[in-house]
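Take a look at the structure below.
The values are calculated or read from the model by the stated rules, or taken from the named source; none is laboratory data. What you are looking at is a predicted structure, and each value in this text was computed from that prediction instead of being measured. As a convention, Cβ positions derive from the backbone with ideal geometry for all residues, glycine included, and neighbour counts pool all protein chains shown. Accessible surface areas use protein heavy atoms only, side chains included; no ligands, DNA or RNA. Shrake-Rupley method; radii C 1.70, N 1.55, O 1.52, S 1.80 Å.
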Amino acid sequence: MNDTTETLSVDTADMPPDPTLTAAPTAMKNARETPEEAGPGVIETKNMDVFYGDFKAVADVSMNFAFNEISALIGPSGCGKSTVLRSLNRMNDLIPTARTDGEVLYHGANIYAPGVDPVEIRRRIGMVFQKPNPFPKSIFDNIAWGAKINGFKGSKADMKDLVEGALRQAALWDEVKDKLNESGLSLSGGQQQRLCIARAVATQPDVILMDEPCSALDPIATLRIEELMLELKENYSIIIVTHNMQQAARVSDRTAFFNVELDTKGQRTGYLVEFSPTDQLFTSPKEKATEDYITGRFG
Amino acid sequence: MTADRDVTAAVPEREGTRQHFDETLEQIKQDLVTMGSLVLENVRRAGDAMVESRLDLVEVVREVDDQVDQLYLEAEKLTFETLARQQPVAGDLRFLVAATRILYELERSGDLAYNCVKMLARVDGFPQHPLITPLLEASVTASCKVFAQGIDALADLVPDAGAKLDAADDEVDHMVSELFTVVGRHSFEVGLEVAIALSRVGRFLERIADHAVNIGEHVTYTVTAALPGEGHNATADEDGG
């Protein structure tokens, strides 16, 4: 399972395909064409536990992430929300001691089943990180490179179309169309984050995971990303981890609240408290623990 | 929505991580209760003025209603500021949204109390009548009883306040309907102008109780998140005066 020792600060485009792993199951290959045949949600976790060595970081998480919705994961530090997010595209495999028990079904197929190629998983389930991390390359190459690594075989003109399409989807095209050869690092923080979203989109995933994507951005750039998320959900399912509860309230369709508890050995294990429609969670949460957290009377 | 929901969740009393915010919520609740008590007192005063035909109380009722209006503006400002600055959610949000509505119910009830004595002044006092005067007094008492229950429900955040007040309101409707019938039957004795004034007063008293029922429903929403069902018997545009 721990197929590589690369650091965590990489995303879909960053990883070369691993020829030793076989291709994804058929159910996943045709996933985008026939999602309704694959099960109720785009991703479903069943009794998922995640361990780092002996330490159980999150326990017994069962969730169903709906198609074309934005799902937000909130909760205090250490509640395991980022761990859960990273388990959804096997990003935790990059941590040598990490282990995931239970099932994570993507279009009904377990992504942790033997023979599943984690690189293919990460192509289909893209990721955007807290700190914008464009490659030190041109804006054009930031997008083209990932596509090439993932086996893009089209002509130069096709590649230009792909880059333009990805930049348009990330609402960045108009700002960068005249400087595609400039470095991605020359852009502002908000633009860099949208470039990373364009890079994730270019590999044609159907799920985008976002881990605190706005925490390094100013309020205006944050609102632009949120607006972009609302546009992207037409074509993608989005799962976002955020410390900003107002952000979860503004953009998400469903919100999951995770909490953390001490076990008998003094270990802190995260668990899912409530996964409800966002309007419901922020007006009348089912659980007292949720109410205490979102109203700021936590701890 | 559930019966076992923590009743204190809306306005927690314990000191915690948001002490200043909690104090502001408590302040708003206190303002509402104070305003409600002033209105209740003024409805009773308007009732005394009508039953005993005391025109000297008309001005007092007006002055107290001005105080109520002033409190309304202050409490509304604090509520809106808190909504804008604290971005409340869950029980806090429900309480503050309910507060804006309860403020309206209280302010309208205060106006209706003043409308009662305006009717009294217009006809230069109500005559003592062996059948009408006791019924008017009973209507005032019934309306005040429901209104007091509404303020108590607010002060104690009673979860099923909406249903309780809705049931209590039937007594007021019954009394006012009696008053209306008797005034109609004896309109020649008291004069048409007085009869019309009395029937309008009956309507105002009924509306005051309806506002109390609405307050009960807002309290229920605050505590349980349950929205009033069908049969919401009071709407703003029905207010007379």
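Worth pointing out:
- Among the residues making up segment A:75-91, those that are within 14 Å of the chain's Cα centre (by Cα) and more than 17 Å from A:His107 (Cα to Cα) are A:Lys81, A:Ser82, A:Thr83, A:Val84, A:Arg86, A:Met91.
- For segment A:156-174, a residue qualifies if it is more than 11 Å from A:Gln191 (Cβ to Cβ) and surrounded by 14 or more Cβ atoms within 10 Å (Cβ to Cβ), and the qualifying residues are A:Met159, A:Lys160, A:Leu162, A:Val163, A:Glu164, A:Gly165, A:Ala166, A:Arg168, A:Gln169, A:Trp173.
- Of everything listed in (1) in contact (Cβ under 8 Å) with a residue 60 or more places away in the chain; (2) open to solvent by 60 Å² or more (accessible area, probe 1.4 Å), the single unmet condition for B:Arg185 is (1).
- Hits in segment A:246-257 (condition: among the polar types (S, T, N, Q), within 25 Å of A:Asp49 (Cα to Cα) and within 13 Å of chain B (Cβ to nearest Cβ)): A:Thr255
Let's see how each residue does on (1) farther than 30 Å from A:Ser138 by Cα; (2) open to solvent by 20 Å² or more (accessible area, probe 1.4 Å); (3) in contact (Cβ under 8 Å) with a residue 40 or more places away in the chain:
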| position | (1), (2), (3) |
| --- | --- |
| A:Ile208 | no, no, yes |
| A:Ala216 | no, yes, yes |
| A:Lys233 | no, yes, yes |
| A:Ala256 | yes, no, yes |
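- Segment A:258-299, residues that are among the hydrophobic types (A, V, I, L, M, F, W, C) and away from every other protein chain (no Cβ under 11 Å): A:Phe258, A:Val260, A:Leu262, A:Leu272, A:Val273, A:Phe275, A:Ala289
- Selection count, segment B:136-180, where residues are more than 17 Å from B:Arg207 (Cα to Cα) and open to solvent by less than 70 Å² (accessible area, probe 1.4 Å): 7
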